[in-house]
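The values are calculated or read from the model by the stated rules, or taken from the named source; none is laboratory data. Quantities reported herein were computed from a predicted structural model and do not represent experimental measurements. Cβ coordinates were reconstructed from backbone atoms using ideal geometry, including for glycine residues, and neighbour counts include every protein chain displayed. Accessible surface areas use protein heavy atoms only, side chains included; no ligands, DNA or RNA. Shrake-Rupley method; radii C 1.70, N 1.55, O 1.52, S 1.80 Å.
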Amino acid sequence: MEKFDVTVIGSGPGGYVAAIRCAQLGMKTALVERYPSLGGTCLNVGCIPSKALLDSSEHYYNAAHRFAEHGIELNDLKVNLAQLIKRKGEVVKATVDGINYLMKKNKITVLTGHATFLDKNTIEIAGKEKTSVQSTNVIIATGSKPTTLPGITIDKKRIITSTEALNLTEIPKQLIIIGGGVIGLELGSVYARLGTTVSVVEFTDSIIGTMDRSLGKELQKVLKKEGFAFYLKHKVTGVTAKGKEVTVSAENEKGEAVEFKGDYCLVAVGRKPYTDNLGLDKAGVKLDNRGRIETDEHLRTNVPGIYAIGDVVKGAMLAHKAEEEGVFVAETLAGQKPHVNYLTIPGVVYTWPEVASVGYTEEQLKEQNRGYKTGSFPFKASGRARASMDTDGFVKVLADEQTDEILGVHIIGPRAADMIAEGVVAMEFRASAEDISRMSHAHPTYTEAMKEACLDATGKRALHI
């Protein structure tokens with residue numbers, strides 16, 4: 001039986017990054033993955049393929065709706081869905097191949113099969129054949145899987161999850177999405193741009209409810225222009241499929257029964273930790289009441305030598321959060337003193353315009369009774385945004401009322417996913433709004449909106465509005 005210093009279970013962003021860092025720090029490392037393809041949900045059926053489809057659909061949408069204004073005229077524009085899906089597969093393959101290369105480069109032993117604890121130091125891997133390894137330390141990074149609502153059966157044909165939505169063989173005429181969160185809105189955007197009528201049925205009173213409410217309001221307004229219909233404060237009571245038609249039953253805020261009909265229903269109500277059949281009971285690892293693995297501030301479970309990271313522990317289910325935790329555990333095992341600042345882990349929605357956020361929301365600051373200032377700047381006043389016809393949205397900055405320290409940055413607009421990094425850096429270095437407002441930002445760029453919003457937050461007036 002081969003022995004390792006560290007065995008990582010799960011090869012998603014958290015798992016493979018943890019394995020790389022462990023190997024870099026001199027540990028003999030194994031990575032166990034139950035599927036033939038490395039990369040977990042993110043690379044195979046999540047972040048990477050969805051962004052490939054979002055980019056393809058955005059190109060088509062611009063060609064159909066904006067090229068003429070740019071002086072570009074096209075005839076017989078159409079979608080080749082098979083090619084669109086094929087390209088997405090090629091992007092995934094190239095990314096996964098990159099992970100395979102990194103495993104070989106770092107001399108990490110990759111074991112394919114389902115991992116089960118026999119005891120806290122022994123793991124059985126059931127692949128083509130059963131093998132077992134012994135490991136001084138184990139990092140559980142098994143991620144999450146889509147969840148559903150009581151009484152809804154996912155048939156993977158007409159009633160689908162995000163996984164099936166990435167591989168449809170036809171463009172839906174009417175797509176009903178249950179859930180107004182990130183996954184549903186991103187995939188809804190893909191098909192809305194290709195001509196699908198999209199209806200979002202959401203239980204709460206806002207979309208992207210974990211982010212600053214101003215972002216959800218603006219995104220809803222923009223998506224309505226793309227043909228989305230929103231039904232907020234609606235409780236879904238059932239979904240049935242008959243032939244090529246799907247019926248979603250719900251109750252509105254008055255308690256009245258309503259129905260939505262379409263040819264596909266995407267259930268996007270969240271994800272749950274994947275901890276099935278890992279033998280955690282044999283290892284003695286405790287779960288909380290939501291099925292997550294309990295950890296302390298060092299990501300240690302209750303069992304010495306066993307750690308857990310990513311979607312199986314508390315916190316936002318984000319690939320980059322899992323990566324930070326993977327590096328954190330690896331460096332902890334090496335005797336270093338790493339740190340993860342969870343407040344400065346950004347969240348992003350890859351619609352267009354993109355939505356990105358870091359730090360406290362305005363609602364959270366109000367709950368804390370904390371004195372704050374707010375500054376904002378609309379992209380319609382940005383020369384760069386006008387040049388690219390991306391004038392929807394704004395940058396919003398929240399700063400401490402007394403110290404001017406930046407407490408939160410919330411952006412909806414072009415390239416918000418990239419722009420949010422400036423907010424992260426500012427918060428990590430505890431910059432004030434005035435600090436950022438006095439930094440030279442290249443002109444013309446989208447990031448000038450960040451400078452102007454910070455200028456507004458200091459109490460001085462923004463220059464370009």
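Say the cut-off is 23 Å between C-alpha atoms; which of LYS51/LYS145; LYS3/LYS120; LYS145/LYS286; LYS104/LYS321 go over it?
As for pairs spanning more than 23 Å Cα to Cα, those are LYS104/LYS321.
For segment 31-102, the orientation-averaged shadow of the C-alpha convex hull comes to 6.1 nm² (one quarter of the hull surface). Only one residue of THR210, LEU365, GLY326 has its Cα farthest out toward the positive end of the dipole of the chain, where Lys and Arg carry +1 and Asp and Glu -1 on Cβ, and that residue is GLY326. For the residue pairs LYS221/LYS242; LYS78/LYS173; LYS221/LYS396, the alpha carbons lie more than 24 Å apart in LYS221/LYS242. The portion of the accessible surface of the chain made up by carbon and sulfur, rounded to a whole percent, is 50 (1.4 Å probe; DNA, RNA and ligands excluded).
Put simply, the amide H of ILE306, placed in the peptide plane, has neighbours under 5 Å in VAL138, THR301, leaving out anything fewer than 5 places away on its chain. Scalar couplings 3J(HN,Hα) for segment 369-378, obtained by applying the Karplus form with A = 6.51, B = -1.76, C = 1.60 to θ = phi - 60°, are 6, 9, x, 8, 10, 10, x, 9, 8, x Hz; x denotes Gly and Pro. Just in segment 401-465: which GluC sites (Glu not before Pro) are loop by DSSP and have at most 15 other Cβ atoms within 10 Å? For GluC sites (Glu not before Pro) across segment 401-465 that sit outside H, G, I, E and B with at most 15 neighbouring Cβ atoms in 10 Å, the list reads GLU401.
Each of ALA421 and ASP288 was given a label point 7 Å from its Cα along the Cα-to-Cβ line. The distance between the two points is 3.1 nm.
The trypsin sites (Lys or Arg not before Pro) of segment 135-197 that DSSP puts in a loop, and whose beta carbon has at most 15 other beta carbons within 10 Å, are LYS156, LYS157, LYS173. Over the chain, the alpha carbon radius of gyration divided by the compact-protein estimate 2.2 N^0.38 Å works out to 1.03.
Accessible surface area normalised per residue over segment 1-72 is 41 Å², counting heavy atoms of protein chains with a 1.4 Å rolling probe.
What FRET efficiency comes out for the pair ALA94/THR197, r = Cβ-Cβ distance, R0 = 51 Å, nearest 0.05? The computed FRET efficiency comes out at 0.95.
Placing +1 on the Cβ of every Lys and Arg and -1 on the Cβ of every Asp and Glu, with no other charges, gives segment 109-172 a dipole of roughly 60 debye about its Cα centre. Name the residue farthest towards the positive end of the dipole of the chain from the options ASN100, GLN402, VAL424, assuming +1 on Cβ of Lys and Arg, -1 on Cβ of Asp and Glu, about the Cα centre. Of the candidates, ASN100 comes out farthest on the positive side. Placing pseudo-labels 7 Å out from each Cα toward the beta carbon at GLN402 and LYS314 gives an inter-label distance of 2.8 nm. What FRET efficiency do you get for GLU428 and HIS298 if R0 is 22 Å and r is their Cβ-Cβ distance, rounded to the nearest 0.05? Using R0 = 22 Å, I get an efficiency of 0.60.
Averaging the sequence gap over all C-alpha pairs within less than 8 Å and six or more residues apart, then dividing by the number of residues, gives the chain a relative contact order of 14 percent. For segment 410-417, backbone phi angles converted through the Karplus equation (6.51, -1.76, 1.60; θ = phi - 60°) give residue-by-residue couplings of 10, 10, 10, x, x, 6, 4, 4 Hz, Gly and Pro being listed as x. With all protein chains kept in place, the per residue accessible area of segment 114-232 amounts to 42 square angstrom at a probe of 1.4 angstrom.
With the simple model of a label 7 Å out from the Cα in the direction of the Cβ, LYS254 to ILE465 spans 3.7 nm. Over all directions, the projected convex hull of the C-alpha atoms in segment 45-174 averages 13.3 nm² in area. Over segment 318-443, accessible surface divided per residue gives 44 Å², non-protein components excluded, 1.4 Å probe. The length gained on full extension between LYS128 and SER388, counted as 0.36 nm times the residue separation minus their Cα-Cα distance, comes to 88.3 nm. Close amide H contacts of VAL349 (hydrogens built in the peptide plane, cut-off under 5 Å, sequence separation of 5 or more or a different chain): VAL355, ALA356. Of the trypsin sites (Lys or Arg not before Pro) found in segment 20-70, those that fall in a DSSP loop while having at most 13 other beta-carbon atoms within 10 Å are ARG66.
Over segment 311-362, consider all pairs of different Cα atoms and compute the Kirkwood hydrodynamic radius from their mean reciprocal separation; express it in Å, one decimal.
One over the average 1/r among Cα pairs gives 12.6 Å for segment 311-362.
For segment 421-438, 3J(HN,Hα) computed residue by residue from phi via the Karplus equation (6.51, -1.76, 1.60; θ = phi - 60°) reads 4, 5, x, 5, 4, 4, 6, 4, 9, 6, 6, 8, 4, 5, 3, 6, 5, 9 Hz, glycine and proline entered as x.
Amide H contacts of LEU111 (H built 1.01 Å from N, in plane; Pro and chain starts excluded): LEU31, VAL32, GLU33 sit under 5 Å, all sequence-distant by 5 or more or on other chains.
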